[in-house]
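The values are calculated or read from the model by the stated rules, or taken from the named source; none is laboratory data. This structure is a prediction, so every number in the text was calculated from the model and none was measured. Counting neighbours? That spans all protein chains shown, and the Cβs are built from the backbone with ideal geometry, glycine included. Each accessible area value is taken on the protein alone, full model and side chains, heavy atoms only, with ligands, DNA and RNA left out. Shrake-Rupley method; radii C 1.70, N 1.55, O 1.52, S 1.80 Å.
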Number of protein chains: 2
Amino acid sequence: MVVDGVAADDSVDRLFHALADATRRDILRRCVRGELSVSRLAEAYPMSFAAVQKHVAVLERAGLVVKERRGREQLVRTDPGAVDRARQALDELGTAWRGRVERMSRLLAQEADPDVNHPTEGQDR
Amino acid sequence: MVVDGVAADDSVDRLFHALADATRRDILRRCVRGELSVSRLAEAYPMSFAAVQKHVAVLERAGLVVKERRGREQLVRTDPGAVDRARQALDELGTAWRGRVERMSRLLAQEADPDVNHPTEGQDR
DNA sequence: CTAACGTACAACCAAATGGTTGTAGATGGG
DNA sequence: CCCATCTACAACCATTTGGTTGTACGTTAG
């Protein structure tokens, strides 16, 4: 079913992992407001240049930003499509959620038998 | 402001971190299809019971699932509101993407936590 | 050319992650 | 009651992560 939706699990891993850090999310926000060199970016945080460089690398591997050379600087800019991919990954969890929950509510609403409430032993045991 | 739900960046950290693992995402999908005990869940993965227990704990701390006791079993079930929170966190990044800088400033002001990073707003140097 | 700047990358370290095994406490069935 | 099951949790281990410093390299300014 979800043939390409889930795509590579790995890319979803990298996406969410990259987003799971406040510094990296902040970098994303800064780079939305305009391209910034890694040095300028690094000035904004209480950590070394190399540390920021690593954060940018994580964002880059996740496809959230791209780097573009300009002279001796490397400008970092967000990839607009990336958030959509993240949202899509969430959607796949979310739709399952809503669909099943909805279905379950209907079942619960129409049922009066307390014993029906054990869907855990569904198929394979 | 009503929007202070996002306030703690920690919760966003926990949310995305919990989602950044294929096993945990799979657990979520399974628990959407019906409540499962930790034991039944553990049977589905090539790892120990304790390992699955830890994954469930991560999901629980992120607010993605809740555990409910039934007899000697502990049933795991997804929290329907959780995905909405994740989506909301993404939306905040997404709106910035589209250039809503003013709106973002408010969010930045909220999320600026004393201990995480104090970015010193690089533009006023 | 030389010096300063911006970047890349390696080596290293502490702490967190993801896994293991083992032990112990509840609970339910026979 | 006794035993099997389910859960909780501690201790331990390997790997990854997030940070550091140091070094090397390309580029621009003077």
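Compute the label-point distances linking B:Val66 to its equivalents in the other copies; points lie 7 Å from Cα along Cα→Cβ; give nm, one decimal, shortest first.
Reported distances to equivalent positions: 4.5 nm.
Measuring from label point to label point, each 7 Å out along Cα→Cβ, what is the B:Asp26 to A:Val66 span in nm?
Going from the B:Asp26 label point to the A:Val66 one covers 3.4 nm.
List, shortest first and in nm to one decimal, how far the label point of A:Ser37 (7 Å from Cα along Cα→Cβ) is from its counterparts in the other copies.
Ordered by distance, the counterparts are at 6.3 nm.
As a test of the definition: with a 1.4 Å probe, what buried accessible area, both sides summed, do you compute for A against B, in Å² to the nearest 100? Before the final figure, lay out the partial values.
On the way: alone 9380 and 8840 Å², together 14200 Å².
Chain pair A/B: roughly 4000 Å² of buried accessible area.
What are the label-to-label distances in nm, one decimal and shortest first, from B:Gln88 to the same spot in the other copies, with labels 7 Å along Cα to Cβ?
2.6
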